[in-house]
Amino acid sequence: MTDTGVARRQSIRFLLLYALASAGGAIAYVPFLTIWLPARMSGLAGAADVQSLGYVTFFGAVAASVGGIVFGWLSDRTQSRRPWVAAGLALTIGLLIAMPLADDVTTLVGLIVAWQLALNMILGPLAAWAGDCVPDDQKGLLGGLLAFSPALGAWSGALVTLPGLVSANDRLALIAALVAAAVLPVLLLGRPRAFPELGAPAPAVVADGRAARPTGPAVRMWLARLLVQIAEAALFAYLYFWFRSIDPAMHDNEKARIFSFALTLAVPIALVAGRWADRHDRPFRPLVLAAAVSAIGMVGMALSATPDLAKASYLVFGIATTVFLSLHTSQTLRILPRPEHRARDLGIFNLTNTVPSLIMPWLTISLVPGFGFDALFLLLAALTSVAVLLLATMPQRPRSA
């Protein structure tokens, strides 16, 4: 490869450090929200644990929505990502360590709101940093590497729930240490190659000063991710309770291992699919297939008659959804309308991650008590099928506006 060819590509070293830092966000929230929080909520709220978890999720999602946009906008204004990521890291670690001090639901809600704001001080600027320095022909590879994020988050859940390793409250201190170990390397050692063209103002702004409007592909990508994320959010928040309903004797560590197994298998699939998309310039085709398989997995979960079939169907859903979300995250960077407001716009895109947490609790509270998880899964499969249609009927080679 020529020197020019090398210069057009971001270094693998930075991509790996960036992927590790992104995984730090998942390490911060996956074991906390899937294992520690439901268990803590059961202790604080008793029989009302599912409903109380819904309220906590609702207010946490509001905070995450606001934080993603505000801190993204601030990092755009300051034209700097590192200081915001570093400040968010310090606050996130402090709040994780403080969580066991909450001895009632109200206090826990307050801490979670603050924690969500701090976490999105990391995630908003960090997401935009990739858009600043990863060219389009490496975005598939980036998406594949981002599949390590949920996998490492799940592995951390399996680690902190190992019997006898640490107490339930001390789990959060261990999680905080893992988050620091993941995020600090890119802050201290990350030296990405510069790609000035990736930050150039949109042509419409240069020409007449008017703001570029969202493109058709951007709207479709936003809606498709929203629909898939509603399903992912429901399983993410209530996986603990669903596994408990199909196998009451299942240990927390087994729940974490099943979750981590699905996300681990997704990593090589996402890497292969991402590289295929780069080579063939078909950035969105793997998204269509992954969303379709995700819907099939949810139908299988709804119709499963035995715990083994239910767990197998969950693996299909978990793998496909992880591949979809990882590749979607990187390919979104190519269709944002204004590079100079990249972090702010990613904050708006991040609403597809947080708004489902506002919708999902009410769907769950409305359906599960009367009709069970089966009805919920069938509804979520239908929503994901709409996402398949949105992506399958869009142009397969749109470029950034």
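Before moving on, here are some points about what is shown:
Every residue, every condition in (1) part of a helix (DSSP H, G or I); (2) modelled with pLDDT under 85; (3) farther than 30 Å from Pro125 by Cα, yes or no:
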| site | (1), (2), (3) |
| --- | --- |
| Met250 | no, yes, yes |
| Ile258 | yes, yes, yes |
| Leu263 | yes, yes, no |
| Ala295 | yes, no, yes |
| Leu325 | yes, no, no |
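- Test for Ser357: is it of a type in the set (Gly, Ala, Ser) and surrounded by fewer than 24 Cβ atoms within 10 Å (Cβ to Cβ): no
- Some residue of region 19-32 being in a helix (DSSP H, G or I) and free of Cβ contacts under 8 Å to residues at least 60 places away in the same chain: no
- Filtered residue count, region 178-195, keeping only those that are assigned to a helix (DSSP H, G or I), among the small types (Gly, Ala, Ser) and exposed (fewer than 14 other Cβ atoms within 10 Å of the Cβ): 1
- Tally of residues being at pLDDT below 70 and either among the hydrophobic types (A, V, I, L, M, F, W, C) or closer than 30 Å to Lys311 by Cα (or both) across region 195-244: 9
- Gly370 falls short on exactly one of the conditions (1) modelled with pLDDT under 80; (2) buried (at least 22 other Cβ atoms within 10 Å of the Cβ); (3) within 21 Å of Gly54 (Cβ to Cβ), and that condition is (2).
- Pick from region 222-248, criterion among the aromatic types (Phe, Trp, Tyr) and in contact with a Phe, Trp or Tyr (Cβ under 8 Å, 6 or more places away or on another chain), ranking: farthest from Asn350 (Cα to Cα): Trp242
- Every pair of residues 6+ apart whose Cβ atoms lie under 6 Å, when the first sits in region 57-85 and is among the acidic types (Asp, Glu) while the second is in a helix (DSSP H, G or I): Asp76/His341; Asp76/Ala343; Asp76/Arg344
- Filter pass, Arg81 being of a type in the set (Lys, Arg), more than 22 Å from the chain's Cα centre (by Cα) and closer than 30 Å to Cys133 by Cα: no
- One residue stands out among those in region 86-98 that are crowded, with 23+ Cβ neighbours inside 10 Å and touching a residue at least 60 places away in the same chain (Cβ under 8 Å): the one that is farthest from the chain's Cα centre (by Cα), which is Leu96.
- Checked across region 100-109, the condition of being β-branched (Val, Ile, Thr), surrounded by 24 or more Cβ atoms within 10 Å (Cβ to Cβ) and touching a residue at least 24 places away in the same chain (Cβ under 8 Å) holds for no residue.
- Subset tally (residues that are outside any helix (DSSP H, G or I) and not aliphatic (A, V, I, L, M)) for region 92-107: 2
- Test: Ala127 is surrounded by 21 or more Cβ atoms within 10 Å (Cβ to Cβ) and either without any contact (Cβ under 8 Å) to a residue 12 or more places away in the chain or of a type outside the set (D, E, K, R) (or both): yes
- Residue check for Phe349: under 22 Å from Thr264 (Cα atoms), aromatic (Phe, Trp, Tyr) and buried (at least 19 other Cβ atoms within 10 Å of the Cβ): no
- When residues of region 146-173 are limited to those that are touching a residue at least 24 places away in the same chain (Cβ under 8 Å) and more than 17 Å from Val30 (Cβ to Cβ), the one surrounded by the most Cβ atoms within 10 Å (Cβ to Cβ): Asn169
- Scanning region 37-45 turns up no residue that is assigned to a helix (DSSP H, G or I) and either among the β-branched types (Val, Ile, Thr) or closer than 23 Å to Ile348 by Cβ (or both).
- Residue, nearest to Ser75 (Cα to Cα), within region 342-401, restricted to residues that are of a type in the set (S, T, N, Q) and over 23 Å from the mean Cα position of the chain (by Cα): Gln396
- Taken over region 265-285, the criterion of being surrounded by fewer than 19 Cβ atoms within 10 Å (Cβ to Cβ) and not in a helix (DSSP H, G or I) is satisfied by Asp281, Arg282.
- Among residues of region 74-85, those that are assigned to a helix (DSSP H, G or I), surrounded by 17 or more Cβ atoms within 10 Å (Cβ to Cβ) and at pLDDT 90 or above, counted: 4
The values are calculated or read from the model by the stated rules, or taken from the named source; none is laboratory data. Since the model is a prediction, treat every value here as computed from it, not as a measurement. Neighbour counts are summed over all protein chains in view; Cβ atoms, including those assigned to glycine, are modelled from backbone coordinates with ideal geometry.
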